Amino acid sequence: MDITTYDSGRRPVWCPGCGNYGILLALRKALAELKLAPEEVVIVTGIGCHGRISDYMKTNAFHTIHGRVLPLATGIKLANPKLTVIAHSGDGDAYAIGMGHLPHAARRNIDITLIVHNNMVFGLTTGQVTPTTPIGVKTKSTPFGNFEKPINPLLLALASGATFVARGFSAEIDHLKEIIKEGISHRGFAFIDVLQPCVTFFNTYTVLRERVYKLEESGHDPSNLEEAFRLAMQNDKRIPIGVFYKREEPTLEDTFKHAMNPPPAERLPVKVDLSKALTR
Ligand code: SF4
């Protein structure tokens with residue numbers, strides 16, 4: 001298997017230089033190195049420029065409605081736990097209309113991977129503010145500069161109980177490939193926020209290249225939750241990328257299986273007084 005195994009043959013329509021190309025390549029490389037057969041993989045995408053990625057992958061795919069990537073991915077995984085389910089979302093898709101789903105997927109620890117293409121702008125609709133646009137940035141919907149504080153996706157994932165939390169940069173393709181491989185191999189909900197420049201509406205290549213540094217090179221221990229929180233709050237001129245945090249615990253599929261077929265000792269008789277129940 002190599003990266004061509006997952007190439008649908010469709011030519012991407014993203015703008016030349018868009019960070020989505022880096023994510024697409026990192027994803028194909030990760031699947032090839034994990035030796036996952038295309039029929040074992042499902043890519044679920046939402047609405048936004050990122051959503052095209054399912055067209056370019058020769059795997060199973062589901063391109064769903066705006067903000068509903070996680071419910072779809074959860075249903076697919078519960079219906080067929082043997083599948084490797086990888087959900088892709090944009091910052092508008094995941095952190096605006098779809099925001100309500102992220103904490104719940106994290107606390108349930110469903111065994112899927114969520115890759116958020118975070119370019120800090122609505123690209124498909126030609127450049128409006130999103131929940132991750134930095135303060136002061138002028139977009140079509142904020143002509144005087146954004147005055148709303150951006151959310152911090154990593155803090156949100158950590159606080160919601162995600163068992164794998166990472167950040168990548170689309171221009172660091174091999175580094176991102178390693179994060180994606182680790183996220184897919186992780187048993188449980190793997191959250192990967194990817195800094196992805198939008199060359200047309202918010203070109204962040206220069207500033208991100210100057211500021212990102214790799215956590216592995218700083219000796220970070222990903223089992224340390226407190227340190228992960230501290231790093232996620234890092235708000236100076238340096239931006240850490242890599243795996244912030246991971247731990248093992250039962251997945252939603254494990255607990256679901258147990259609840260559907262509990263051991264005899266846990267099968268408590270349930271007494272219902274039907275006469276009272278029906279007359280209420
Ligand atoms: Fe990429 Fe931005 Fe073009 Fe969309 S608008 S394809 S995010 S560069």
Q: Kindly check whether there is at least one residue in segment 148-169 that is of a type in the set (F, W, Y), over 17 Å from T45 (Cβ atoms) and without any contact (Cβ under 8 Å) to a residue 40 or more places away in the chain.
A: no
(Q) If I ask for residues that are part of a strand (DSSP E or B), within 13 Å of the ligand (Cβ to nearest atom) and β-branched (V, I, T), which ones from segment 169-200 would you list? (A) V194
Q) Looking at segment 216-246, which of its residues are loosely packed, with under 15 Cβ neighbours inside 10 Å and within 17 Å of the chain's Cα centre (by Cα)? A) none
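Give the residue, chosen from A94, A79, that is closer than 20 Å to L27 by Cβ and either in contact with a Leu (Cβ under 7 Å, 6 or more places away or on another chain) or not acidic (D, E) (or both).
That would be A94, the only listed residue that is closer than 20 Å to L27 by Cβ and either in contact with a Leu (Cβ under 7 Å, 6 or more places away or on another chain) or not acidic (D, E) (or both).
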Q: Show the residue pairs that are 6+ apart or on different chains and have beta-carbon atoms under 8 Å apart, the first residue being within segment 230-241 and in a strand (DSSP E or B), the second being polar (S, T, N, Q).
A: P240/S218; P240/Q234
Q: Go through segment 1-52 and count every residue that is over 25 Å from F202 (Cα atoms) and aromatic (F, W, Y).
A: 1
Q: For residues that are surrounded by fewer than 18 Cβ atoms within 10 Å (Cβ to Cβ) and of a type in the set (V, I, T), scanning just segment 1-53, find the one that is farthest from the ligand (Cβ to nearest atom).
A: T5
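Quick grid of which residues meet (1) on the phi < 0 side of the Ramachandran plot; (2) surrounded by 22 or more Cβ atoms within 10 Å (Cβ to Cβ); (3) touching a strand residue (DSSP E or B) at 6+ places or on another chain (Cβ under 8 Å):
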residue	(1), (2), (3)
G123	yes, yes, yes
I173	yes, no, no
S185	yes, no, no
D193	yes, yes, yes
C198	yes, yes, no
K214	yes, no, yes
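The numbers here are math on the coordinates, done by the rules we state, and not lab data. No experiment lies behind these values; they were computed from the predicted model shown. Heads up, the Cβs are rebuilt from the backbone with ideal geometry, glycines too, and the neighbour counts pull from every protein chain shown.
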